[in-house]
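The values are calculated or read from the model by the stated rules, or taken from the named source; none is laboratory data. Given the structure is predicted, the values throughout are model-derived calculations rather than measurements. Here Cβ is always computed from backbone atoms with ideal geometry, including for glycine, and neighbour counts include all displayed protein chains.
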């Protein structure tokens, strides 16, 4: 008998991709892939040790089907410096893969490794 | 007539924008200085933010008082925290501090820079989490004024 939880995770990944995701372009260097990803909330943060160098930024986590992250013909995992571009209202928002302090830039999002969660910060608009 | 603190902060901004450093600097003063991460992009000029922090008042003679104004200058730009990425910005921070001490008179304010101390050569947290160079210079400006 198959693993019901694994089947459920696979089904859920498909539903997420089909009904709750946006088209984004994932890039590394000169290579890129267009895939569907689900964005998490974007809480605003401030650094604050010295007033003169306060930085305002927001984290955005993306949930991506692990099998879709194929760059240069190979399935890869996220690396710091990779970028995700998403078009909203005709504006391209650029997110850079950057980890929260002391954490890795990505992790598996489910026990069966069907999805990965990538940590990014918005670094620009184009 | 603006407060002396404001005059001095504005003069510092003018000084930084007019000076020539090893890379372009865009200075501004701000009461609520929160730079958005996209504004610090590596393709843009280094951002310098001037913030007023304190003022001290002390007698300096029978009819003279000495006011010391303290300000912070933040230097920021996105860069990789590597020798190639950060070394030029550490150099820039030293250039700014040296410049303020080498040319102490702040035109139109009656003030003179008496100290420029680099409080933070760079902030490790910003380097690690934001891939951003942030340094802080504390500047003390002294003004003598007559006592009524």
> Restricting attention to segment A:42-51, does a residue exist that is within 30 Å of residue B:54 (Cβ to Cβ) and touching a residue at least 60 places away in the same chain (Cβ under 8 Å)?
Replying inline: no
> Is one or more of the residues making up segment B:95-103 within 14 Å of chain A (Cβ to nearest Cβ), in a strand (DSSP E or B), surrounded by 15 or more Cβ atoms within 10 Å (Cβ to Cβ) and on the phi < 0 side of the Ramachandran plot?
Replying inline: no
> Can you tell which of B:128, B:87 is closer than 25 Å to residue B:38 by Cβ and free of Cβ contacts under 8 Å to residues at least 12 places away in the same chain?
Replying inline: B:87
> How about segment B:119-148: which of its residues are more than 30 Å from residue A:103 (Cβ to Cβ) and within 12 Å of chain A (Cβ to nearest Cβ)?
Replying inline: B:137, B:138, B:139
> Taking residue B:19, is it farther than 30 Å from residue B:146 by Cα, touching a helix residue (DSSP H, G or I) at 6+ places or on another chain (Cβ under 7 Å) and away from every other protein chain (no Cβ under 14 Å)?
Replying inline: yes
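A quick yes/no check of all residues on (1) surrounded by 14 or more Cβ atoms within 10 Å (Cβ to Cβ); (2) touching a helix residue (DSSP H, G or I) at 6+ places or on another chain (Cβ under 9 Å); (3) within 14 Å of chain B (Cβ to nearest Cβ):
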residue: A:14; (1), (2), (3): no, no, no
residue: A:17; (1), (2), (3): yes, yes, no
residue: A:37; (1), (2), (3): yes, yes, no
residue: A:42; (1), (2), (3): yes, no, yes
residue: A:45; (1), (2), (3): yes, no, yes
residue: A:94; (1), (2), (3): yes, yes, yes
> Which of the residues that make up segment A:50-76 are exposed (fewer than 14 other Cβ atoms within 10 Å of the Cβ) and part of a loop (DSSP other than H, G, I, E, B)?
Replying inline: A:72, A:73
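Conditions (1) touching a residue at least 40 places away in the same chain (Cβ under 8 Å); (2) within 11 Å of chain A (Cβ to nearest Cβ); (3) within 20 Å of residue B:119 (Cα to Cα), marked per residue:
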site	(1), (2), (3)
B:29	no, yes, yes
B:37	yes, yes, no
B:59	yes, no, no
B:66	yes, no, no
B:73	yes, yes, yes
> When only residues in segment A:105-120 that are surrounded by fewer than 18 Cβ atoms within 10 Å (Cβ to Cβ) and touching a strand residue (DSSP E or B) at 6+ places or on another chain (Cβ under 8 Å) count, which is nearest to residue B:38 (Cα to Cα)?
Replying inline: A:117
> If you scan segment B:42-55, which residues turn out to be closer than 14 Å to residue B:8 by Cα and more than 9 Å from chain A (Cβ to nearest Cβ)?
Replying inline: B:52, B:54, B:55
>> What's the total number of residues in segment A:98-126 that are away from every other protein chain (no Cβ under 14 Å), touching a residue at least 24 places away in the same chain (Cβ under 8 Å) and under 17 Å from residue A:82 (Cα atoms)?
In response: 4
>> Looking at segment A:114-126 only, could you name the residues that are modelled with pLDDT of 85 or more and either within 29 Å of residue B:124 (Cβ to Cβ) or part of a loop (DSSP other than H, G, I, E, B) (or both)?
In response: A:116, A:117, A:118, A:119, A:120, A:121, A:122, A:123, A:124, A:125, A:126
